[in-house]
Amino acid sequence: MQIDYTDKQPKTLLNKGTGFLAGYSHSLNPYTGCAFGCSYCYVRKMPVSLFRGKEWGTWVDIKKQSAALLQKELIREKKKGPVTIFMSSSTDPYQQIEYKEEITRSLLEVMTGYPPDFLLVQTRSPLVKRDIDLLKQLGTHVRVSMTVETDLDDVRKHFSPSAPPVQARLNALQRLREEGIPTQVAIAPVLPSSEAFPELLRPVVDLVCIDDFFMGDGAQGKRTQQLGIRAKYEELGFSDWYNREAYKVVVSRMLEVFPEDRVRISQEGFAPF
């Protein structure tokens, strides 16, 4: 798929944490748009996508000169009180263009000099391994949350064919854990998975966050319903997985492997601590 990349000069990077991210002082998005273009992404029904006039996943704005701007904003915000950052809420900080542009890496470099009180890096890309050197400098002030919605790569391909394979994400989590970087897996949104899923996760993470369309799309599932996602479940013969109770199946399976305090639901699982 051809991606339309555009250079932008942002006026601000740190946005106030609200709604689902109310536990954070700020959200931070190194890019606008996301080339992974997952079929279920709630951002498809948000103004940033709806008013663009192009299909979600076909365009990305690159926020140039972001590092200098973030440094100024961090200095200002740290004077006001604790700074906790969710990176990112409406893009993936390690999508393909990051290999070339290194916007996310430049922001992490700034944060090693002006560390936030807490940073959550939310991604589905193994590229996060590249920045282990910087993540290690942030120590206990950072946690990497890797999205792994399912252990079945055929399911992953059906819902998000442009996103990295499941095994590559698990390998990245293993490497991060070996380097002592705090990690978690985000089963978000819950997609059909097998009974073997918990055992795949046990060696690579200590913390599991489970979220679904109905809790996590910001509109109690209404945004997802507008995307016609139910039909994609039906195409695979997994229609029973598209309901408000399906996540409990995954919770039950995870609790057979992980301690109760290590299995968290929706907003709680993404909260800073």
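The values are calculated or read from the model by the stated rules, or taken from the named source; none is laboratory data. Here the structure is a predicted model, which means the values were calculated and not measured. Using ideal geometry, Cβ is built from the backbone for each residue, glycine included, and neighbour counts are taken over all protein chains shown. We work out accessible area using only protein heavy atoms, side chains counted, and drop any ligands, DNA or RNA first. Shrake-Rupley method; radii C 1.70, N 1.55, O 1.52, S 1.80 Å.
Among the residues of the range 219-267, those that are assigned to a helix (DSSP H, G or I), touching a residue at least 40 places away in the same chain (Cβ under 8 Å) and either over 13 Å from Ser193 (Cα atoms) or open to solvent by 40 Å² or more (accessible area, probe 1.4 Å) (or both) comprise Arg223, Thr224, Gln226, Ile229, Lys232, Glu235, Leu236, Tyr247, Arg253, Arg262, Gln267. Total residues in the range 15-25 satisfying the condition of being open to solvent by 60 Å² or more (accessible area, probe 1.4 Å) and over 17 Å from the mean Cα position of the chain (by Cα): the figure is 1.
When Ala35, Ala67 are checked against the criterion of being modelled with pLDDT of 95 or more and part of a helix (DSSP H, G or I), Ala67 stands alone in meeting it.
Per-residue answers, yes or no, for (1) among the aliphatic types (A, V, I, L, M); (2) touching a Cys at 6+ places or on another chain (Cβ under 9 Å); (3) more than 28 Å from Ser266 (Cβ to Cβ):
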site: Glu98; (1), (2), (3): no, no, no
site: Lys136; (1), (2), (3): no, no, yes
site: Val142; (1), (2), (3): yes, no, no
site: Asp151; (1), (2), (3): no, no, no
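For Gly53, the criteria (1) out of contact with any Lys or Arg (no Cβ under 8 Å at 6 or more places or on another chain); (2) part of a helix (DSSP H, G or I) hold in every case but one, which is (2).
Of everything listed in (1) assigned to a loop (DSSP other than H, G, I, E, B); (2) open to solvent by 10 Å² or more (accessible area, probe 1.4 Å); (3) within 23 Å of Gly139 (Cα to Cα); (4) touching a residue at least 60 places away in the same chain (Cβ under 8 Å), the single unmet condition for Thr12 is (3). Can you name the residue in the range 26-44 that is small (Gly, Ala, Ser) and closer than 21 Å to Met215 by Cα and, of all such residues, is surrounded by the fewest Cβ atoms within 10 Å (Cβ to Cβ)? That would be Ser39. Just to be sure I understand, how many residues within the range 142-180 are more than 16 Å from the chain's Cα centre (by Cα) and open to solvent by 10 Å² or more (accessible area, probe 1.4 Å)? Residues meeting the conditions: 15.
Here Ser145 fulfils each of the conditions (1) assigned to a helix (DSSP H, G or I); (2) of a type in the set (Ser, Thr, Tyr); (3) closer than 22 Å to Val250 by Cβ apart from (1).
When each of Thr58, Thr112, Thr91, Thr84 is tested for being in contact (Cβ under 8 Å) with a residue 40 or more places away in the chain, closer than 18 Å to Ser27 by Cα and surrounded by fewer than 23 Cβ atoms within 10 Å (Cβ to Cβ), the lone residue that passes is Thr84. One residue alone among Phe118, Phe51 is over 21 Å from Tyr5 (Cβ atoms) and among the aromatic types (Phe, Trp, Tyr), and that residue is Phe118. Going through the range 181-215 one residue at a time, which ones are in a loop (DSSP other than H, G, I, E, B), open to solvent by less than 30 Å² (accessible area, probe 1.4 Å) and under 22 Å from Lys129 (Cβ atoms)? Scanning the range 181-215 gives Ile181, Ala188, Val204, Val205, Leu207.
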